[in-house]
1. Rounded to the nearest 10 degrees, what's the angle between the helix 115-129 long axis and the longest principal axis of the chain, both from Cα atoms, 0 to 90?
2. Stokes-Einstein D for the chain at 10 °C, 1.306 mPa s, Kirkwood Rh over Cα pairs, in µm²/s?
3. Run lengths n ≥ 4 of DSSP H only: what is the helix-derived mean residue ellipticity at 222 nm for the chain, with -39500 (n - 2.57) per run over all residues, to the nearest 500?
4. Write out the GluC sites (Glu not before Pro) in the stretch 1-92 meeting two conditions: DSSP loop, and at most 13 other Cβ atoms within 10 Å of their Cβ.
5. In nm, give the distance between the simple-model label positions of E210 and R53, each being 7 Å from the Cα along the Cα-to-Cβ direction.
Amino acid sequence: MSNIEDHLGWHEQGNGRSFLGVFIENGRIRDRDDGRLRGALRRVVETTGGGIRFTPQQNVLLTDVPDRQIGVVDRILADHGVARREALSPVRRWSMACPALPTCGLAVAEAERALPDVIADLERELERLGVADAALTVRMTGCPNGCARPYTADLAFVGRSLHKYGVFVGGSMLGTRLGTLYADLVPRDRLVAAVRPLFERYRDERLEDERFGDFCQRVGIEAPRAPVPVGP
């Protein structure tokens, strides 16, 4: 099973120091009701004198943390409600969106503000189907320009018009394979329903350790294609 390292969690850096990868949902560092991420990162840097690096997955690395202060950093993050790596579902951990509306003048649909709720729906659906352990990259963009790299993801939603998306499947975790258009102009509130037939087949027919995108590539896009559900 191909995999890439997202560097979340603690890693030895050398010379008595370590670095910590912190998940930043869709790359937006801000304080919210469910966690004070911005304040936590500032407090860590002020306390440890370390640095910050950004990753292609839109996450943050807190670098040059003295090993003796690892416990202090963990307490700061916990006190500020910052989620630990272990608390993230695989599907949320590997999700990414572009800023889209209202920031980008090219956007025709939501992405950054919509994806967290879409991921929550997808988490519930995967749990119901018994495949909550499925590791897959999920991307969402506000237009076909694809700034969040949707066309190489296991599953992607590409904005085509207001509240409607093209659904692409069959990319790879490594980003080395293009996905295929599975359904087009799917309303935002029907995105998870649209891919449910795919995940039902994935549950029943996947090989050991087979990722969702690899499964779609193996069985062929025509096999799992299904009409987009309408109504409740």
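None of the figures in this text is laboratory data; all of them are computed from the coordinates on show. Given the structure is predicted, the values throughout are model-derived calculations rather than measurements. Here the Cβ positions follow ideal geometry from the backbone for every residue, glycine too, while neighbour counts run over all protein chains shown.
1. Once rounded, one gets 70 degrees.
2. D, rounded to a whole number, is 85 µm²/s.
3. Roughly -8500 deg cm²/dmol at 222 nm, from the helical runs in the chain.
4. E5
5. 3.6
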